[in-house]
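The values are calculated or read from the model by the stated rules, or taken from the named source; none is laboratory data. Quick caveat: nothing in here was measured; it's all calculated off a predicted structure. Here the Cβ positions follow ideal geometry from the backbone for every residue, glycine too, while neighbour counts run over all protein chains shown.
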Amino acid sequence: MIIQLEGAPASTAAARHALQALARSWGHDTAEAPAETAAGTSRDDPGKSIDPVSLAALAMSIPSTALAVLDLADRIRKRHRASELIDHAQQQAAQQVTLTLITRTRTAELRTLTPDQLLDLIAGEQDPAS
């Protein structure tokens, strides 16, 4: 996922710092993307692979009710983070800074999205069928 900052240099620097602090509070780091990545080209991430045998064993060992509870808890956590990110984008809009979400298939201004729309966009990016 790429979040692009646009605006006056002074406002953008403050927005970048605030966005980095928000990401650190979630336990994630931020990095500046190369110019070709920021323009919307995708790159392969070889570090994220799923072993089908391990995945099948895991699915068979956990009862379906536990999986449903875990999925619900994960969705609530992600929805809260998405809401924080959208609130941050709306605050930065008052400083004339635009935060844009760039996925493989779509580009959208963060402040115009709902938390559920943001999660659906990200889920669509991670879905191998799309």
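Worth a mention:
- Failed condition for residue 4, given (1) at pLDDT 80 or above; (2) in a strand (DSSP E or B): (1)
- Condition check for residue 126: at pLDDT below 90, surrounded by fewer than 17 Cβ atoms within 10 Å (Cβ to Cβ) and over 13 Å from the mean Cα position of the chain (by Cα): no
- Condition met for residue 77 (at pLDDT 75 or above and touching a Leu at 6+ places or on another chain (Cβ under 8 Å)): no
- For region 82-130, a tally of residues being of a type in the set (Val, Ile, Thr), out of contact with any strand residue (DSSP E or B) (no Cβ under 7 Å at 6 or more places or on another chain) and under 22 Å from residue 12 (Cα atoms) returns 3.
- Positions within region 66-105 being assigned to a loop (DSSP other than H, G, I, E, B) and in contact with an Asp or Glu (Cβ under 9 Å, 6 or more places away or on another chain), in sequence order: 103, 104, 105
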